[in-house]
Each structure stands twice: as C-alpha cells, then as structure tokens.
1. Considering only residues that are among the hydrophobic types (A, V, I, L, M, F, W, C) and either touching a residue at least 40 places away in the same chain (Cβ under 8 Å) or touching an Asp or Glu at 6+ places or on another chain (Cβ under 8 Å) (or both), which ones fall in segment 187-209?
2. Residues in segment 68-78: is at least one within 30 Å of ASP158 (Cα to Cα), outside any helix (DSSP H, G or I) and away from the ligand (no atom under 16 Å from the Cβ)?
3. Of all residues being away from the ligand (no atom under 16 Å from the Cβ) and assigned to a strand (DSSP E or B) in segment 9-44, which is surrounded by the fewest Cβ atoms within 10 Å (Cβ to Cβ)? Just the residue, please.
4. Given (1) open to solvent by 70 Å² or more (accessible area, probe 1.4 Å); (2) out of contact with any strand residue (DSSP E or B) (no Cβ under 9 Å at 6 or more places or on another chain), where does PHE230 come up short, assuming only one miss?
5. Give the residue, chosen from ILE89, ILE61, that is of a type in the set (A, V, I, L, M), surrounded by 15 or more Cβ atoms within 10 Å (Cβ to Cβ) and not in a helix (DSSP H, G or I).
6. If GLY108 satisfies every condition in (1) in contact with a helix residue (DSSP H, G or I) (Cβ under 7 Å, 6 or more places away or on another chain); (2) assigned to a strand (DSSP E or B) but one, which is the exception?
7. Hey, can you tell me all the residues within segment 131-142 that are in contact with a helix residue (DSSP H, G or I) (Cβ under 9 Å, 6 or more places away or on another chain) and either without any contact (Cβ under 8 Å) to a residue 12 or more places away in the chain or among the aromatic types (Phe, Trp, Tyr) (or both)?
8. If you check every pair at least six apart or on different chains, which have Cβ atoms under 8 Å apart with a residue in segment 229-246 that is under 23 Å from GLY138 (Cα atoms) first and a residue that is among the acidic types (Asp, Glu) and at pLDDT 95 or above second?
Amino acid sequence: MKCQTIMGIMEKLAPKKLAENWDNPGLQLGNPEQEISKLLVCLDVSQPVVDKAIEIGADMIISHHPVMLFKGLLSIRTDTYDGEMLQKILSHNIAVYSAHTNLDIAQGGCNDILAQLWNLEKVEGLALTDPETGDSLGRIGYLSKPMSIEAFSKMLCDTLRCHHVRLVKGGKDMVKKVALCSGAGAEFISKAVFKGADVYVTGDIKYHEAQQAVKQGINLIDAGHFATEFPMVEAVAKYLRQELASMKQEADVEVCEDNISEDFFKVVGGKEG
Ligand SMILES: [Zn+2]
C-alpha cells in the first residue's frame, strides 16, 4: 500500500486543518509514493523506537509528537541524538507521519480516548479551538456514579500506563463531573472550574498551578504527560487495523504498537513518612 493511502486514513481520523498553527503534523520524512507493508504506532520517535522499527521491518512510523517541531531544522549533525536518529530513519527508508494537536482535538482522538477509557458519559469539549465548528481541546463528562477522589485516582492508575498519579485535593471528596486534557493542559484549570468539574485530570502540572486549583476549589490530578497520551498508541493502531481491514489490501499492511517506551519520570522512594 502506498504511504499516501495511509496518510489519507490518518487524515480521516485527525484532519490536519484541526492542528494548532504552531504545530507541524503530517508526513515528516519519506515519500508519499513509497510502498508500506508494516506500520509502527508510537507516542514519540526515539532511538529505541526507531531501532524497534528497523528490527521488525516497519517501513512507516506513525507518532503523536512530531519528529521536527519548534526549531527550524538548520543542520542534521549525525553526532547528535536527533541527527543520528534521522540518518537511521532515512537510511532504512522509513517514512514518519505525525498527528499531534490535530489528534488531540479530533473526535475520537487523544482526549476522547481518555473519556472512553474512564467510561465518561455525556462527553463534551472543554476548551473551544474553533467556535464555528465546535472543535475543542480537552473533554468534560460524567462518571456513571459518584466515586471518592481517592478511588478515582486509583482508577486512573489502573487504566493508564503509570504506577501513581499526583493528586491536588482542592475540591469535593466525591467526584462525578470530570474534565480532562491529555498531555500538558494546565492552562485549562480555570476552564474546568468554570464548567463545574469536580476534578480535572491532565499532565505537566507545576507548583503554582496546583496552588491555583486549591484556591479555585477544584481537585486536580497530574497523571503525567506520557500516561495521558500513551493510550493513543493502542487506539490509533486499532483504528488503522479496522480501516485497513475494510479495504481490500488488508493482508498487505501489518500494524504494530510501541510496547517499549516508558515515562521518563521514575518515582524513587525516600525516607518513610
Ligand atoms: Zn504531548
């Protein structure tokens, strides 16, 4: 199957026009005309992920975070981490496609994946990105029945790829209305308060943002950037398999998932109490 066809399938899930204007989604490396027989879906394109792609013979990587972002590419020095990685990708003729903020905003994207994982009901957008279309970042919805904030926090650990979450207990003991934003969503704490959420779950929370939540009387949970986004790997792989199965070339393209990446942050125990 042509790379272009896979790009079309991804475009259907996460249209590039949804992306924020600073973002850089789409085909990062490779040629739309090249033939693809094996895909590897991942959150980040890292050296271990690229090595894995080479090992399993994947000829296309689909990632959430773009390989090239923020800084214009002024040189490719192969004595740097990224340069060496890009050389490896190109020398093995691997295409790389990324769906970033467009996948966060898309219906069925990263935020909806979390809402589904926690069985939220009556799910709506949290923060509008386009008032005309109603496209939004983050989601807000209801648990089927109220639960204690501690039980909810434990449920997050059970459903996400993390061993702990950081709870800022600024609100009620029992929660039912849940706001969420995958990745780094501290900017929407006030939005979650305004929309009446009992708890707001996101990643990358800083001290003064936690303090803001306490002052505004909302429970805040930092479940980690990695853990709140990693579920996209399984969900996007599942989507691709379904789409490919509905096409005749089903048998021609295999979809694999990154099962080696882990959060950079590790919790190390210290003194008791
Ligand atoms: Zn992210």
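1. PHE188, ILE189, ALA192, ALA197, VAL199, VAL201, ILE205
2. no
3. Per the stated criteria, the residue is GLU35.
4. With (1) open to solvent by 70 Å² or more (accessible area, probe 1.4 Å); (2) out of contact with any strand residue (DSSP E or B) (no Cβ under 9 Å at 6 or more places or on another chain) applied to PHE230, the lone miss is (1).
5. The conditions single out ILE61.
6. If we test GLY108 against (1) in contact with a helix residue (DSSP H, G or I) (Cβ under 7 Å, 6 or more places away or on another chain); (2) assigned to a strand (DSSP E or B), just (2) comes out false.
7. Selection gives THR133 alone.
8. VAL233/GLU257; VAL233/ASP258; GLU234/GLU257; ALA237/GLU257
The values are calculated or read from the model by the stated rules, or taken from the named source; none is laboratory data. Not measured: the values here are computed from a predicted model. When we count neighbours, we look across all protein chains shown, and the Cβ atoms used for this are built from the backbone with ideal geometry, even at glycine. The area values use the complete protein model at the heavy-atom level, side chains included, leaving out ligands, DNA and RNA. Shrake-Rupley method; radii C 1.70, N 1.55, O 1.52, S 1.80 Å.
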